[in-house]
Amino acid sequence: MRILHLANHCRMGHGNVHLAVDLACVQAEKGDHVFYGGEGGELEPTLAASGVIHVPLVQRTRRPQDLLSSLARLRGLIRRHRIDVVHAHMMSGAVLGYVATRASRARLVTTVHNSFDSHSRIMRLGDRVVAISRAEHATLRDAGFSERQLSIIVNATLGGARMRMFGTNETLTRPVPILCTVCGLHERKGVATLIDAFASIAARYDSELHIVGDGPDRVALEARAAQTGFGNRIVFHGSLEDPGRVLRGAAIFALASHAEPMGLVNIEARQAGCAIVASDVGGIPEVLDEGQAGLLVPPRDVAAFAAAFDRLLGDPAYLAEMKRRSGSNLERFGVDHLWSEHDRLYRELVGAPKSVSAAIAS
């Protein structure tokens, strides 16, 4: 197959980019001819090491002349390299990809990573649209996506190129149990809920909360942590190349998202052997085997998160059992599964007539 992935960039710290890079790399390693169109970033060497050709391509800009230049370059790339599938992972790429593929043999695939964003309707431009969980499939169908467009392919990146390049065997060690989260620091991720929940149990347990990630709310969240009276036990790491260093050292991983199509980091926390506490929203229950591999609690519910922490920290045998469950049944999240499911989808699509976009019709 000749495949072109489109994303705004290839920088660390963005789940949709992580998925796009891991997918592109495993496809190249399996023998496909793979290109990655987007601006640069820390993951360029990862792409190159797997044989993916990075093509600088501006997609997110308000300058019409830049968009026209990118479109011309994209059309030329599709024609010159006889691209079979253009796979867009962000909305700007979906628009450019749609225009560029209509006058070519190439088919357009889009993956919806953020269905909670109202602009995600743009992803309906794809000849086929990937939903990353069963919950997402239902959400997109209810939002007006055509059933015939939709395919479910769970994000599965364990063992992928990104982990191989940036992963280490290092483990954060502390003399007390570590609770941690790994996420962007903005309101949707619910980090304030975790800080408040930790503060409510901190007097009873000698433990620490470690927060990995960065974002626009970091200053406000640091101030909130300081105001709890336990600020010396709440550690902000910022973005890390290898979040696994913290995950491997943690007893408990928590994700308090208000909305989450899947939560790729839940898989990585499971592989690290953490007991998991997460919001019962979106695709998270599927990732946690419907609650068998982690505790599911209502989003925004400080008391519920605190009670889950209390239950785990107060019962070492139960904590050990939940860590065991978390680390089991991970085969379906391997990167080979990601490759085989996309390969099947691409081959079905390339052999089918090109669709008239349901998004334009509606």
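The values are calculated or read from the model by the stated rules, or taken from the named source; none is laboratory data. Keep in mind the model is a prediction, meaning the values are calculated, not measured. Methodologically, a virtual Cβ is constructed for each residue, glycine included, from the backbone with ideal geometry; neighbour enumeration extends over all protein chains shown. With ligands, DNA and RNA removed, areas are computed over all heavy atoms of the protein, side chains included. Shrake-Rupley method; radii C 1.70, N 1.55, O 1.52, S 1.80 Å.
Tell me, what is the percent relative contact order of segment 182-337, built from C-alpha pairs under 8 Å that lie six or more residues apart? Result for segment 182-337 is 24 percent. For the residues 171, 228, a 1.4 Å probe over the protein chains yields an accessible-area ranking, largest first, of 171, 228.
Take every DSSP beta bridge whose two residues both sit in segment 177-250, then give the antiparallel share in percent to the nearest 5.
For segment 177-250, the DSSP antiparallel bridge percentage is about 10.
Taking every protein chain into account, the accessible area of the chain amounts to 41 square angstrom per residue (probe 1.4 Å). For the chain, averaging the sequence separation of C-alpha pairs within contact (under 8 Å, six or more residues apart) and dividing by the residue count gives a relative contact order of 16 percent.
I want to verify the translational diffusion coefficient of the chain in µm²/s; compute it with Stokes-Einstein, Rh as the Kirkwood radius over Cα pairs, at 10 °C and 1.306 mPa s. After rounding, the answer is 75 µm²/s. Spacing of the modelled spin labels on residue 55 and residue 203, each 7 Å from Cα toward Cβ, amounts to 6.2 nm.
When the Gaussian network model of the chain links Cα atoms closer than 10 Å, the mean-square fluctuations of 232, 16, 266 top out at 232.
Can you tell me the relative contact order of segment 78-195? Whole percent, Cα pairs under 8 Å, sequence separation 6 or more.
RCO, segment 78-195: 17 percent.
Among the aspartates and glutamates, select those whose C-alpha is under 19 Å from the C-alpha of residue 354, and discard any that sit fewer than 8 residues away in the same chain. Output for residue 354: 84, 127, 147, 343.
What fraction of the DSSP beta bridges in the chain is antiparallel, stated in percent and rounded to the nearest 5?
Percentage antiparallel, nearest 5: 0.
Think of the chain as having a plus end and a minus end, set by charges on the Cβ of Lys, Arg, Asp and Glu; of 88, 228, 279, 88 sits farthest toward the positive end of this dipole.
Please report, in debye to the nearest 20, how large the charge dipole of segment 41-96 is about its Cα centre when each Lys and Arg carries +1 at its beta carbon and each Asp and Glu carries -1 there.
Computed charge dipole of segment 41-96: roughly 340 debye.
Full extension of the segment from residue 236 to residue 81, taken as 0.36 nm per residue of separation minus the current Cα-Cα distance, would add 51.3 nm. Net length available on complete extension from residue 152 to residue 174 is 3.9 nm, with 0.36 nm assigned per residue and the Cα-Cα distance removed. Looking at segment 212-362 alone, DSSP beta bridges between its own residues are antiparallel in about 10 percent of cases. Apolar share of the accessible surface for segment 149-226: 53 percent from carbon plus sulfur atoms, 1.4 Å probe.
The charge dipole of the chain, taken about its Cα centre with unit charges on the Cβ atoms of Lys, Arg (+1), Asp and Glu (-1) only, comes to about 1380 debye. Each helix, a run of at least 4 DSSP H residues, gives -39500 (n - 2.57); summed and divided by the residues of the chain, these come to -12000 deg cm²/dmol at 222 nm. Nonpolar atom fraction for segment 232-345, defined as the carbon and sulfur part of the 1.4 Å probe accessible area, stands at 49 percent. Between residue 340 and residue 142, the contour length at 0.36 nm per residue exceeds the Cα-Cα span by 68.5 nm. Counting only GluC sites (Glu not before Pro) that DSSP places in a loop and that have at most 14 other Cβ atoms within 10 Å, the longest clean stretch of the chain runs over 1-146. Think of segment 65-162 as a dipole: +1 on every Lys or Arg Cβ, -1 on every Asp or Glu Cβ, centred on the Cα centre; then among 100, 125, 153, 100 lies furthest on the positive end. In the context of the full protein assembly, residue 163 retains an accessible surface of approximately 50 Å², using a probe radius of 1.4 Å and ignoring ligands and nucleic acids.
Using the Cα coordinates of segment 115-234, the gyration tensor eigenvalues translate into equivalent-ellipsoid semi-axes of 37, 20, 13 Å, sorted from longest to shortest. The trypsin sites (Lys or Arg not before Pro) of segment 127-175 that meet both conditions, a loop assignment by DSSP and at most 16 other Cβ atoms within 10 Å of the site Cβ, are 148.
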